[in-house]
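Taking it in order: structure first as structure tokens, then the write-up.
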Amino acid sequence: MKKITEKRKNEKRNQLILGLILISVMFLSVLGYALREEEESEEEKVIYNNFEFEKNNDFWYLSVENFNFVFKNNPFQIEEIPAQLKGLNNYKGKPLYIYSEEDEASSEIYINLNQLIQRMQFACLESLENCEENSPTKTCEDNFIIIRVNNNTRIVQEENCVFIQGKKEEIVGLVDEFLFKIIGVR
């Protein structure tokens, strides 16, 4: 009888020790996860010229005047390109025409400006070659963004046409730079 009582005591003690170990592991796991989340959230925000960018799912988000913008890069990740561009008001409530040799770049324009413009339509500038047959031909009297892959990096505005050109791997960054400028971040 004494052996049975002693055996039960040992089993209860072992269960108690095992339970405390499991509770400690669970508590430390939750604590570690919470601390890691806190560190990550601090690293995922940047402030540039009083504009706060927040990173979520590999994209940078910015809210300005009840508009939400999404970028592939934040201003610290791309080089500033000197350019004199018209601001957001130039695009509000008007149609926007675009010619792009890079789909991701035109998507970045659409995602960000669609909330402001009347509509966006692919078109061809009078002086461009290699345009699709069904595309309407427009001039620089219309709001027109032309995105071309080229070895020369530049962002230039002529009348209402904005020419964005650069190497294929940097073109989305150049579109972000264009957006930073018209929003007023730079």
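The values are calculated or read from the model by the stated rules, or taken from the named source; none is laboratory data. Small disclaimer: the values here were computed from a predicted structure and weren't measured. With ideal geometry, Cβ positions are generated from the backbone for all residues, glycine too; neighbour counts draw on all protein chains shown.
Kindly establish whether I146 is under 15 Å from L179 (Cα atoms), part of a strand (DSSP E or B) and touching a Phe, Trp or Tyr at 6+ places or on another chain (Cβ under 6 Å). It is true that I146 is under 15 Å from L179 (Cα atoms), part of a strand (DSSP E or B) and touching a Phe, Trp or Tyr at 6+ places or on another chain (Cβ under 6 Å).
Taking the conditions (1) exposed (fewer than 15 other Cβ atoms within 10 Å of the Cβ); (2) within 23 Å of the chain's Cα centre (by Cα); (3) of a type in the set (S, T, Y) in turn, T153 satisfies each one other than (1).
Applying the selection to segment 53-63, what residues are of a type in the set (D, E, K, R) and farther than 18 Å from G173 by Cα? Hits for segment 53-63: nothing passes. For segment 64-102, a residue qualifies if it is part of a strand (DSSP E or B), over 12 Å from the mean Cα position of the chain (by Cα) and over 20 Å from E170 (Cα atoms), and the qualifying residues are V64, F67, P95, L96, Y97. When you scan segment 103-126, do you find a residue that is outside any strand (DSSP E or B), more than 28 Å from N68 (Cα to Cα) and either of a type in the set (D, E, K, R) or in the same structural domain as I81 (by TED's automatic domain parsing) (or both), even just one? Yes, that holds for at least one residue. Going through (1) modelled with pLDDT of 95 or more; (2) crowded, with 18+ Cβ neighbours inside 10 Å one by one, A123 falls short only on (1).
Every residue, every condition in (1) among the hydroxyl-bearing types (S, T, Y); (2) touching a strand residue (DSSP E or B) at 6+ places or on another chain (Cβ under 8 Å); (3) exposed (fewer than 12 other Cβ atoms within 10 Å of the Cβ), yes or no:
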position	(1), (2), (3)
Y97	yes, yes, no
A105	no, yes, no
I111	no, yes, no
N130	no, no, yes
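The single residue among I147, I171, I164 that is in contact (Cβ under 8 Å) with a residue 24 or more places away in the chain, over 22 Å from N90 (Cα atoms) and either surrounded by 15 or more Cβ atoms within 10 Å (Cβ to Cβ) or in contact with a His (Cβ under 8 Å, 6 or more places away or on another chain) (or both) turns out to be I171.
Can you confirm whether V172 is in the same structural domain as N68 (by TED's automatic domain parsing), within 23 Å of the chain's Cα centre (by Cα), within 27 Å of F51 (Cβ to Cβ) and of a type in the set (A, V, I, L, M)?
yes
The residues in segment 123-162 that are closer than 21 Å to Y110 by Cβ and touching a helix residue (DSSP H, G or I) at 6+ places or on another chain (Cβ under 8 Å) can be counted, and the count is 7.
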